[in-house]
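Here's the structure, in structure tokens; my notes come after.
Throughout, read-outs are computed from the coordinates displayed, never taken from laboratory work. Model, not experiment: these values are computed from the prediction. Neighbour counts are summed over all protein chains in view; Cβ atoms, including those assigned to glycine, are modelled from backbone coordinates with ideal geometry.
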Amino acid sequence: PVPRLRAQTGDVLDDVPLLVHVAFCAGSKTDALVHGKRIETAQYAKLGLAQCCSVVFVNLSLLHNSIGMYQVLKFTSSNVLVMCMLEYLWKAKLYSLPVYISLIALVLGITTATVTDVELRWLGFTYGMLGCFSTAVYQILNKSIQQDFDVSPLQILEFEQPFTALFAALFALCSEDV
């Protein structure tokens, strides 16, 4: 038998917002809000996988971290720093000096605000960093696809969300006692 992760973080419930996105996109096509633009299916599948990994790893981080550490990893400095580093390594993108100064101020402020509540657990930290990495990959891919294929965010959402929901459902089936 395959060992279960027993994440108990409501992975099945993670599919609900994704399915709502799918329903919204299907409904909005009839209302002419979205004029679908087909691009390579592999592009949407990559986006869906990155988005699913982001949700899964962030939830696993919450399961294995204190709330303070979870907040630091999910919402703040590490996610922004990971995205800046990835954009530099992947796309050779540089930011202006004021942006870097803002990042330093952000890191110092968050560190000061959460130093008493942060409890580092290596497994949780690893999941959190994987969540940051996959979120950054998703954001960079999304922006790149929008520019390269001249598609709007709603057009991407229409075709990407079924892949995200599928990957999340597969993870839930493998990790939950279903």
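Ranked by the mean number of other Cβ atoms within 10 Å per residue, highest first, peptides 86-99, 45-58 order as 45-58, 86-99. What FRET efficiency comes out for the pair LEU173/LEU103, r = Cβ-Cβ distance, R0 = 41 Å, nearest 0.05? Calculated value: 0.55.
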